[in-house]
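What follows is a single structure, written as C-alpha cells, with notes after it.
The numbers here are math on the coordinates, done by the rules we state, and not lab data. As the structure is a prediction and not an experimental result, all values here were calculated from the model. Note that each Cβ is placed from the backbone with ideal geometry, even for glycine, and that neighbours are counted across all protein chains shown.
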Amino acid sequence: MKLHFLLNALLLFSVLTSAQKADFASAEKYRGDNLIPKYGDLAVNANWIEESDIFWYSFKTSAGKNFYYVNSAIKSKQPMFESKFMAAELRKLTYHPYNDLDLPIKDIKFEKKSTTKLTFTVDSIKFLFDITTQKLLIKDTIGKEKKKPSWPVYSSDSTWFAYAKNHNLYIMKAKDKDSVEIQLTTDGERYYSYARNSEDTTRNKKVRANVDWFKNSKKLYVQKQDERKVKDLFVIDVLAQPRPKLETYRYSMPGEQFVPQTELLIFDVATKKRIDVDVKKWKDQTIRVAWSSQKAADKLILIRKDRPLKHLDVCLVNAETGALSVLFSEETWPYFNDEYTRLSVLNEGNDIIWWSERTGWGQLYLYDGKGNLKNQITNGYFVTGRVEQIDTIGRMLYFEAFGREQGVHPYYSMKYKASIDRGGMALITKEGANHSFSMSKSGKYFVDTYSTVDKVPEAVLRDNNGNIILSLEKADISQLYKAGWKMPETIVVKAKDGVTDLYGVMYKPFNFDSTRKYPVISYVYPGPQTESVQYSFTVTGGKNVALAQLGFIVVNFGHRGGSPMRNNYYHTFGYNDLRDYALADDKYGIEQLADRYKFIDINKVGIYGHSGGGFMSTAAILSYPDFYSVAVSSSGNHDNNIYNQWWGETHNGVTQIEKKVGKKGEVKDSLNKKRIEVKDSLSKKKETEISFKGTVENNEDIAKNLKGYLLLTTGDIDNNVHPGNTLRVVDALIKANKRFDFMMLPGQRHAYGNDVPYFDRLMWYYFAEHLLGDYRTNVDLLDFK
C-alpha cells in the first residue's frame, strides 16, 4: 500500500512538473513566419480602373489565387480569366510551365481609356490581354530594367524636373536633349539645404530636392529646414567593413536651445524669381504647407504652430507676392492632436474642411476661403477620424468616426457620409466591426473589408448609401483551424479611476486547460499617439499568439493617455507624466482579470513591449516591483530627455520662459575707430528673451527599485531611439548593484530587421525561465527552429 501511494505521489509530481515546461514547439509552430502558408488574403485590395466604376482584384485562398473583374454598375463579378486557361496560354507562348494555382502575374495595368485591355508581366515578358476576347499576346520582352534615377522631381506635366546639387536647387527641361541646368539658388549648404538629405556630403552630384510643384507646373516651393545650429548625435556601425563606421546626424531634444527652423520659398519657373515668405510669428515655430492651388499657381495654405503646441494658425500665402495672412486660429490645451489635425481644401481654396477638438471631441468644420466659419459638418460626443473621400460635385464627405454608435466597440472604424453644406451624418457601414474603404472616383460605390479580432474578414461592394451590392470574398482560414489555431477573446476592464472602460484582447494557449493556473503577461504600448491593440482580425496578434503557446495568458489592452480615437481628455491623460501615466491602469486591469478568471496566476506577472512599450515595461517593474515579476523591454525610450524633441515636448510638455533683458546697442570708439556693444542704460526699454525648458521623468532614476527579472535589449545603430536610452538604465542598475540581463544587437536599428526571430526566441526563453521555472539550455531549444 505504501509503495502504491509513493508511486502515485511520484506520478502526480511528475505531471505537475511537466505541466510547467514551456511548450517551445507550439510557440515555434504558431510564430508568424510559420503561419503564413496556412492562410491566404485577409482583405480585398480594389484597383479601380481610371474614372470608371469597374475594378479588379486578386484573392488567395487554400484553393489557389484568382483574379476577378467587377462591374459595380451592373452588379457583376467574374474571373478576369480562368487560371488553368491562362497557365496553358502562357505555356504556349513561352514554353515554360506555370502553376495555375498561383500564377506569377505582376504589374497589371489597364490600357488608357480601356476597361477591357490590360498588360501584365510574367518573369521578363510583358503580355497584352483582352478580357472580352480572352486573347493573350506577347507585347514586349523586358530586358534587365534600368533602375530609374531617384533624384529628379518632375513637374505635374512632366515638362520640367528639379533636383539639388551641392545643397542648391536646380531645374531642367525634361525630354530636351539641348536642355541646360538652371541654378535657382546659391545659399544652400549642409544642414541648410535644398536637398531632401540635408546631411549629404557628395560634391557635384545630382540628388533629390526637397521641393513640391504647383499643379500647373509654373511654380515650385520649398519648405527649407535650417539645422545648422542643431546638435549632432552619433551611432557606431561596428559591422561596417573594413572598419567600424561613425554615423553622425542632427537631432534636437526636448528643451534644447537650438532646434530646426523652417522657411518657405517660392520659385517662378519662367522668371526664376524667388520669394522668401515671411512666416515668422513664434520662436521655434513649425510650419507645414497643406495645400497649393490647382489651376493658377497663386496660393498656398499652411499650418503654423508654436513650439509648446498650444497655438495654431491656418494661413493663406499669396504665391505672387509672398504676402501671408491668417485665415483662422485655434488655441488648445495641452496640445494639438497630430494624428487627426488636418485640413482639406476644395473649390480652389474657397472651401476649407478643418478637423478640431475644440469641444473635446474631434469634429469637422467648414470655413470659407477668407477664414469665416460657415458651418459645423459633424457634431456629437464621438471622434471623427480620416476623411476617406470628398465628392466635390455632389458636395458630399465620406469619413470614418469612432464611438458614435451605441453598443459598438469605440475603436471600430465606422464609415459615414455627410453633406458638406448641410451636415447630417449617415452611417454607411452598419456592421459592428472595423471597416476599410476604397471608393470609385465617381463616388457611387466603395469596397469594404470588415472584421473584428474574433470575426473572419468579409469583403463586400456597397453603394454610397452603404447598401451591399455584391458579396466579394470571405477570408479562408480553414488550414489554420486544421492546425489547431484558435481566435483570441476580447476583454473590457476598468481604468484605475473605476469608471473609464479599457478595451483589449486576451490570448490563450491553444491547449488551454481551465483547471490550470497560468502566469499572465501584459503586452504594452502606452501611446500617446496610438494604442497597439488589435481590433481587426489577426492571425498572430503580433508576437502574442506564439508567446501564449509557451503556457501563458497574454493580455493586451489600452490605458488612459493612449488612443486619440476616444476624446481629448482620454488621449492627453498622460500629459506631464510621460513615464508613469499608464502604469496604474495596467496593474489594475490585470488584477481585475485575475479576479474574473481563476486560471490567471496573479503571483506570476510578466510585461513586455517595444519602443514606448519598452519604456513602459521597465517603468512598470521598477514602479511596482512587488507586482511584476519579469519584464522584457526592447529599444525603450527610457530617458525621453535624449529622445526626439517633438515626442517629449508634445506629450510631456515644454515650458516657455520669458525674460526681460536690457536692450543692446552700439557706440563708436572714436579713439580706436571700432564699434563696441554696450547696454542701453539710459533707456528703460527691455527686450523679451524667450527660451524653453522641458524635462521628462526617466527610468534610470528608479532603477534602484528592481526586485524581479529584467531583460533590456537595443540595436547598436538605432538612430530613432538612441542606444543611450537603454545604456543609461544599464548604468543606473549597475550602480544600484542590481542583477539584470542586457543584450545589444549588432548592426540593428529600431525594428531589429533580420534579428527579429532571434529576439522572439530570446524573449520566450526569458519568460519561460522566470515565470515557469523552465531552465532548459539554449542548445535544447535550438531544435525548435
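List of remarks:
- For segment 14-77, the convex hull drawn through the C-alpha positions has a volume of 132 cubic angstrom per residue.
- Considering all C-alpha pairs of segment 138-242, those separated by over 19 Å amount to 54%.
- Phi angles across segment 598-606 convert, under the Karplus curve 6.51 cos²θ - 1.76 cosθ + 1.60 with θ = phi - 60°, into 3J(HN,Hα) values of 6, 7, 8, 8, 5, 8, 10, 10, x Hz, Gly and Pro given as x.
- Where only alpha carbons of segment 383-473 are counted, the Rg and the Dmax (Å): 12.6, 39
- Under a model in which nothing but the beta-carbon of Lys, Arg (+1) and Asp, Glu (-1) is charged, segment 358-419 shows a dipole of about 160 debye around its Cα centre.
- Segment 251-298 - Rg and Dmax from Cα coordinates, angstrom: 14.7, 43
- For segment 421-571, a simple Cβ point-charge model (Lys and Arg +1, Asp and Glu -1, everything else neutral) yields a dipole of about 240 debye relative to the Cα centre.
- Net charge, D601 excluded, C-beta distance under 14 Å - Lys, Arg +1, Asp, Glu -1: +3
- Computed from the alpha carbon positions, the gyration tensor of the chain leads to an equivalent ellipsoid with semi-axes of 46, 40, 29 Å, biggest first.
- In this structure, V492 and N197 have a Cβ-Cβ separation that, at R0 = 45 Å, corresponds to a calculated FRET efficiency of about 0.45.
- For segment 539-672, dividing the convex hull volume of the Cα atoms by the residue count gives 204 Å³ per residue.
- For the pair W282 and D454, the difference between a 0.36 nm per residue extended length and the Cα-Cα distance amounts to 57.0 nm.
- Simple label model, 7 Å out from Cα along Cβ direction - E687 to T321, nm: 3.0
- 3J(HN,Hα) from dihedral phi, segment 689-698, Karplus parametrisation 6.51/-1.76/1.60, rounded to Hz, x for glycine, proline: 9, 10, 9, 10, 9, x, 10, 10, 4, 10
- Segment 86-157 - Rg over Rh from alpha carbon coordinates, Kirkwood radius: 1.06
- Binned Cα-Cα distances of segment 495-599, short to long, each 10 Å bin given as a whole percent: 15, 44, 31, 9, 0
- Within the chain, helices built from complete DSSP H runs that reach 24 Å or longer along their own axis (Cα positions) and carry a mean Kyte-Doolittle hydropathy of -1.0 or higher are 2-19.
- In nm, spacing of pseudo-spin labels at R776 and T695 (7 Å Cα→C-beta vector): 5.0
- Counting all C-alpha pairs of segment 301-363, share separated by more than 15 Å (%): 54
- Packing here is the average count of other Cβ atoms within 10 Å per residue, and on that basis the peptides 31-42, 239-250, 429-440, highest first, run 429-440, 31-42, 239-250.
- Annotation: extensible slack from A483 through Q134 equals 121.7 nm (criterion: 0.36 nm per residue apart, minus Cα-Cα distance).
- Computed over segment 314-401, the range of Cα coordinates on each principal axis works out to 42, 37, 21 Å, biggest value leading.
- Here the dipole of the chain is about 1500 debye; that uses its Cα centre as origin and unit charges on the Cβ of Lys and Arg (positive) and Asp and Glu (negative).
- Potential lengthening of the chain between R395 and V238 amounts to 50.8 nm, from the contour at 0.36 nm per residue minus the alpha-carbon distance.
- Calculated over segment 222-288: convex hull of Cα atoms, volume per residue (Å³): 145
- Y251 sits among other residues whose Cβ lies under 13 Å from its own Cβ, and their net charge, with Lys and Arg +1 and Asp and Glu -1, is -3.
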